[in-house]
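Please read the structure below before turning to the comments.
Just so it is clear, none of the values below were taken in a lab; they were calculated from the coordinates. Given the structure is predicted, the values throughout are model-derived calculations rather than measurements. Using ideal geometry, Cβ is built from the backbone for each residue, glycine included, and neighbour counts are taken over all protein chains shown.
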Amino acid sequence: MPGFIIHLGATVLCAHAGQAQPTSPSTRVFVSGQPVSLQPMPYTIAGCPFTTPGGNPLPCLTAQWVTAATRITSLGMPLLLLDSQAICTPNGTPLKIVSTQTRATGT
């Protein structure tokens, strides 16, 4: 399914509202003047306030993308799209893509 391409300036949050950023965006492809995000590169998460029911902190630290574009790549790696899915470590919650550029799409 087509979707907007995720770039460095996209707002991506963990399920608990921690801010997620790509560890290594593409240096070859840019949309809206910013590098795109690639599937194999994990995201780091800062500011996750999650705690267990017992009150022990268990914040989201990183996230790995499990779905991405099937027909568009950069440096041989799939680009992330608005409908891409990721799982956070260590608690297994998803990432939410809140906003991104709205000009370039991929499938």
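Let me see the P(r) profile for the chain: every Cα-Cα distance counted, bins of 10 Å, each bin given as a percent of all pairs.
Spelled out bin by bin, the chain gives 17, 49, 25, 8, 1 percent.
Could you give me the ³J(HN,Hα) list for the range 94-107, computed from phi with Karplus coefficients 6.51, -1.76, 1.60 and θ = phi - 60°, whole Hz, x at Gly and Pro?
Listing the rounded values in order: x, 8, 10, 8, 8, 8, 7, 5, 10, 10, 9, 10, x, 10 Hz.
With θ taken as phi - 60° and the coefficients 6.51, -1.76 and 1.60, list the Karplus ³J(HN,Hα) couplings across the range 79-86 in order, rounded to whole Hz; mark glycine and proline as x.
7, 8, 10, 4, 9, 5, 10, 9
What do you get for trypsin sites (Lys or Arg not before Pro) in the range 48-107 restricted to DSSP loop and a cutoff of at most 15 other Cβ within 10 Å of the site's Cβ?
Arg71, Arg103
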